[in-house]
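Structure record follows, encoded as structure tokens.
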Amino acid sequence: MITSKYLSDSVNKLFVLFLLTIPVLSLGQTQADSLYQLARITAFEQKNNPLAIELTQKAIKLQPEADHFHVFLGRLYAWEGDYLNAETEMVGVLQINPAHLDARLALLDVYLWSAQFMELEEACSEGLIYTPDDPNILFKNGQALAAMNDTAGALRSFNRLQKIDPQFPNLNSQIQALKAKAPPRKIKISLGYNRLAETRTAWQFLVSETSMDPWSSLAMEYEHPFGFGSLIFRLNAASRFSIQGTMFEIESYPKIRKGTYSYLALASSGSSIYPETKAGLEIFQELPKAYEASLGMRYLRVPDKRISVFTASIGKYVGNNWINARTFITPQTASLSKSWSLVLRHYLADPDEYWELNGGGGEVPDENLGAEEISYLGARRLELTLQKKLRQRTLIQVRLNFLNQEVRTQSYRGTTGFDIILEQRL
């Protein structure tokens, strides 16, 4: 006995074959609509996308101005993984009508499924011009930004959607996942103390008996993440040579593109123990095989002096270690003053925990020195740092520093000190 379902499937297939044999020129709008409806049945009920594509193509030949035919054909291509042809169909519709919502949403799916996240973000931005509160566009815009590691931008898009449609599917889970990986706001407090004494040689670092007033310092810092990178605000206070002073700094590490970021800094002080003005600019570039290189400059202004310092660095990750070499060069009237530093950082089981050894020397003035020290002839430096977690979002860093400076020809000064830095992530 032949069932009604078998008869229905047979009739559909015979009708499809019949339509495919009819000359295109003999069909009108009614036949084009019939082909389109049959294509939808073929795709959704019979799960035969290739045949549905053929039917839709014939419908488009009969009625090429029908936008919904092109959108459906584009979706069929996308379901088959033919993203290039799918994109062509959607873009063709949007070039004529940029506000076409169905074509826009279909194009967003094409970019999302093919992992073209930059194109997805651009298509979302254009779509929001015409439909600024469309939930689907806002959600996919957040997905695109999240995929490009713009966590702050993704959260802004998702939060905007949450105000419009708080029950949008998977929205809350996306927000919680992003918040868990978002760069945290940070507060830091730094305390420093240094013992000073005149020394007989350039390599005497350890100061056991002081012969000069000690240095003490306090710094308070707040770091806030933005879509372009973090902004750091810092207030420094110090007592040196029985003189008190403060300096205000602002720093940022803006992202330029994937693998490229920069360092920007500006500081100002009215005290002689700090530079009057300090500025910095540097570009960092990730390189193959876990290398990173940078090139930049520093600018210092103290009374009667304007100093430009050029700097470059090269670093590499080797297993759990980060090794970085840096040089500073200051053009002078007769020659070049130069200095160097070498950093070895070893990360522990938790990536927030590490120990670091930092050494260096040379003739370029330290950018934190004030007017009294800017003309020192050279220095040798050694630092040992340990950073550990006290709690999940609370870190402590302890740094021991040893320094010897040539303050005048054949006249040296040793410094032994430590810094304690507490960091709270909010």
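The values are calculated or read from the model by the stated rules, or taken from the named source; none is laboratory data. Bear in mind the structure is a predicted one, so any value in this text is a computation, not a measurement. Cβ: placed from backbone, ideal geometry, glycine included. Neighbour counts: every protein chain shown.
Using the structure shown, decide if Ser125 is surrounded by fewer than 14 Cβ atoms within 10 Å (Cβ to Cβ) and farther than 27 Å from Ile421 by Cβ.
Details: surrounded by fewer than 14 Cβ atoms within 10 Å (Cβ to Cβ): yes; farther than 27 Å from Ile421 by Cβ: yes.
Here the answer is yes, as Ser125 does meet what is asked.
Would you mention how many residues in the stretch 237-265 are over 21 Å from the mean Cα position of the chain (by Cα) and hydrophobic (A, V, I, L, M, F, W, C)?
Of all residues in the stretch 237-265, those over 21 Å from the mean Cα position of the chain (by Cα) come to 237-249.
Checking which are hydrophobic (A, V, I, L, M, F, W, C) leaves us with 237-238, 241, 243, 247-248.
The qualifying residues number 6.
Restricting the stretch 371-392 to residues that are of a type in the set (D, E, K, R), out of contact with any Ser or Thr (no Cβ under 9 Å at 6 or more places or on another chain) and at pLDDT below 90, which is surrounded by the most Cβ atoms within 10 Å (Cβ to Cβ)?
Here is the first cut: in the stretch 371-392, the residues of a type in the set (D, E, K, R) are 372-373, 380-381, 383, 388-389, 391.
From what's left, out of contact with any Ser or Thr (no Cβ under 9 Å at 6 or more places or on another chain): 373, 380, 383, 388-389, 391.
The next check asks that each one be at pLDDT below 90; those that pass are 373, 380.
Numbers: Glu373: 18, Arg380: 20.
Only one residue fits best here, namely Arg380.
From the set of residues in the stretch 321-349 that are of a type in the set (A, V, I, L, M) and at pLDDT 85 or above, which is nearest to Phe284 (Cα to Cα)?
Here the answer is Ala325.
All but one of (1) loosely packed, with under 15 Cβ neighbours inside 10 Å; (2) of a type outside the set (Phe, Trp, Tyr); (3) modelled with pLDDT of 95 or more hold for Leu105; which doesn't?
Answer for Leu105: the failing condition is (1).
Condition check ((1) touching a Leu at 6+ places or on another chain (Cβ under 7 Å); (2) of a type in the set (Ser, Thr, Tyr); (3) within 20 Å of Glu223 (Cα to Cα)) across all residues:
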position	(1), (2), (3)
Tyr261	no, yes, yes
Leu266	no, no, yes
Gly270	no, no, no
Ile273	no, no, no
Glu276	no, no, no
Ala290	no, no, no
Leu295	no, no, no
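Among (1) surrounded by 16 or more Cβ atoms within 10 Å (Cβ to Cβ); (2) at pLDDT 85 or above; (3) not in a loop (DSSP other than H, G, I, E, B), which single condition is Leu191 missing?
Every condition holds for Leu191 apart from (1).
Only residues that are more than 20 Å from Ser208 (Cβ to Cβ), among the hydrophobic types (A, V, I, L, M, F, W, C) and surrounded by 14 or more Cβ atoms within 10 Å (Cβ to Cβ): list them for the stretch 399-426, please. Steps first, please.
Taking the stretch 399-426 first, the residues more than 20 Å from Ser208 (Cβ to Cβ) are 406, 408-410, 420-426.
This time we only want the ones that are among the hydrophobic types (A, V, I, L, M, F, W, C), so: 420-422, 426.
Correct list: Ile421, Leu422.
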